[in-house]
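Participant: I have a structure I would like to understand better, so I am pasting it below and will then ask my questions one at a time.
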Amino acid sequence: QVQLVESGGGLVQPGDSLRLSCTAPRRTIHNYAMGWFRQAPGKDREFVSAISWSGSSTSYADSVKGRFTISRDNAKNTAYLQMNSLKPEDAAVYYCAASTGRQSTLSYDYTFWGQGTQVTVSS
């Protein structure tokens, strides 16, 4: 079992930035591909970004490409999602997830999930 804990969410204005973090307090994550998903009220959970276990490969949803950057520091057992130029439509609960397979855009490929962190973008 891998417990994942997200942090870094909050209330920001359009155009601001946030950095989300995902840590695993009790297990190493360096063997797992990591993904970020989000879910807005009344909408399905959607893929945001993913990174391979080594960090050498990343993928992004078209809606965030060029604005968000995923990274990881295996020495710190942490994955990050840097979010720039935030828009109101980015508001959602953001979840990190770990996959024993390769990075994927599909939520069912991820075995372990965090509880989520709220991101609100409003003027």
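Participant: Computed over the Cα atoms of the stretch 49-123, what is the convex hull's projected area averaged over all directions, in nm²? Write out the running numbers ahead of the final one.
Facilitator: Working: hull surface 21.6 nm².
Its average projected convex-hull area is 5.4 nm².
Participant: To continue, here is another question. Can you tell which of 40, 79, 97 shows the greatest fluctuation in a Gaussian network model of the chain with Cα springs below 10 Å?
Facilitator: 40
Participant: Rounded to the nearest whole Å², what accessible area per residue is found for the chain with the 1.4 Å probe? Don't jump to the answer; show the numbers that get you there.
Facilitator: Details: 6340 Å² over 123 residues.
For the chain, the per-residue accessible area is 52 Å².
Participant: Residue 105 to residue 54: extension gain in nm, 0.36 nm per residue of separation minus the Cα-Cα distance?
Facilitator: Details: separation 51, 0.36 × 51 = 18.36 nm, distance 1.70 nm.
Full-extension gain reported as 16.7 nm.
Participant: Follow-up. Can you figure out the FRET efficiency of residue 31 with residue 11, using R₀ = 30 Å and their beta-carbon distance, to the nearest 0.05?
Facilitator: On the way: r = 35 Å, r/R0 = 1.16.
After rounding to 0.05, the efficiency reads 0.30.
Participant: Using a 1.4 angstrom probe on heavy atoms only, work out the carbon and sulfur share of the accessible area of the stretch 31-94 in %.
Facilitator: Result for the stretch 31-94: 46 percent of the exposed heavy-atom area is carbon or sulfur.
Participant: With a cut-off of 18 Å, note down the residues of the stretch 60-82 whose backbone N falls inside the zone around a label point 7 Å from the Cα of residue 46 toward its beta carbon.
Facilitator: 60-70, 82
The values are calculated or read from the model by the stated rules, or taken from the named source; none is laboratory data. All values derive from a computational prediction rather than experimental measurement. Here Cβ is always computed from backbone atoms with ideal geometry, including for glycine, and neighbour counts include all displayed protein chains. Just so you know, the surface numbers come from the protein's heavy atoms only, side chains and all, with ligands and any DNA or RNA stripped out. Shrake-Rupley method; radii C 1.70, N 1.55, O 1.52, S 1.80 Å.
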